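Notes follow once the structure below has been shown.
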Ligand SMILES: Cc1cc2nc3c(=O)[nH]c(=O)nc-3n(C[C@H](O)[C@H](O)[C@H](O)COP(=O)(O)OP(=O)(O)OC[C@H]3O[C@@H](n4cnc5c(N)ncnc54)[C@H](O)[C@@H]3O)c2cc1C
């Protein structure tokens, strides 16, 4: 597959792995191999790998921390790109923070707390990258990225660096403008407020405690499988239908939180997809609600 592509990557001095198991790069611990897994350290390297892929007709996709992904058992044909190096930088200037898209959201929350900046406590414990959080408009416990983002800088489909203001980001529940086109988020700018560092840390610890209490963090998962339907909660509907604990192969509706599907060991992507379908059908039949996936399924290629 894609003969001589390794040689091209070697020539460009890019850091990569061949036949990289995606179960090692996703919180679900599910997924076959990606043909190539390339880590880029800066925007120039990112442009280089995308140009090469386009030139050689090799498909490519970007992942963050893989915490909202369900990757097919067949793996991913082509190149998976991850942002490392400069993309992990976080800079604080007064009430403003600029963070690279590859930085961890939890690290960003910790840095904000250390600078006595409040507003980001909700994000503590969401296991994504900053880019993934902006892309998904990640949120929890009454807060979301929309509340703190000022702008995002991205690479557009022409490989130009450009920015979206908060309005242009079109953020709403698990939605951003980035879902509508071919963009790679490079960095984000946030505005927080001066706060009391003890109170900020107390709120972060409180929310982390709630996560540990309510979520099955002892098993691999991709968080809430379904979006919240209007007027109801997915987990409550699933429970009402008697689906708590239901399994297909190694995939199980969590006994601790029915909104999660957990990987009990050797779950395959097919197990999860089959279980998702059972849940959607039964919930629709018994309650009339349609559940839509929040987790992103990455289709396999042969
Ligand atoms: C235990 C657990 C708890 C969770 N709790 C929450 C929660 O409370 N709230 C919540 O909102 N989510 C939650 N999630 C889901 C997940 O952590 C978030 O959706 C997170 O924002 C995904 O970020 P990521 O970096 O892992 O993105 P990935 O899963 O790697 O990717 C998600 C999507 O974002 C795109 N993407 C990632 N980075 C970029 C970039 N730089 N530019 C363009 N596109 C990009 C990817 O291509 C993909 O389409 C949870 C997940 C787990 C496992």
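Read-outs throughout are calculated quantities, based only on the coordinates presented, and are distinct from any laboratory measurement. In this text, all values refer to a predicted model and were calculated from it rather than measured experimentally. Please note: Cβ atoms are built from the backbone with ideal geometry, for glycine as well, and neighbour counts cover all protein chains shown.
Worth pointing out:
- Cα gyration tensor shape of the stretch 5-83, rounded if a/c is under 1.5, else prolate or oblate by comparing a/b with b/c: prolate
- GNM top mover of 265, 100, 181 - the chain, alpha-carbon springs below 10 Å: 181
- Between the stretch 28-105 and the stretch 229-302, the alpha-carbon center distance in angstrom: 27 Å
- The stretch 50-206 - convex hull of alpha carbons, volume per residue in Å³: 117 Å³
- Taking 212, 145 and counting other C-beta atoms within 10 Å, the order from fewest to most: 212, 145
- By the compact-protein rule of thumb, 2.2 N^0.38 Å, the alpha-carbon radius of gyration of the chain corresponds to a ratio of 1.02.
- The stretch between residue 84 and residue 175 holds 30.3 nm of extra length on full extension. This uses 0.36 nm per residue minus the Cα-Cα distance.
- Protection proxy ranking, highest mean first, for peptides 243-249, 82-88, 285-291, 32-38: 32-38, 82-88, 243-249, 285-291, where packing is the per-residue count of other beta-carbon atoms within 10 Å, averaged.
- Radius ratio Rg over Rh of the stretch 234-298, counting only Cα atoms, Kirkwood formula for Rh: 0.94
- The helix-based estimate of mean residue ellipticity at 222 nm for the chain, built from -39,500 (n - 2.57) per DSSP H run of four or more residues and divided by its residue count, is -8500 deg cm²/dmol to the nearest 500.
- Expressed to the nearest 5 percent, the antiparallel share of DSSP beta bridges inside the chain is 75 percent.
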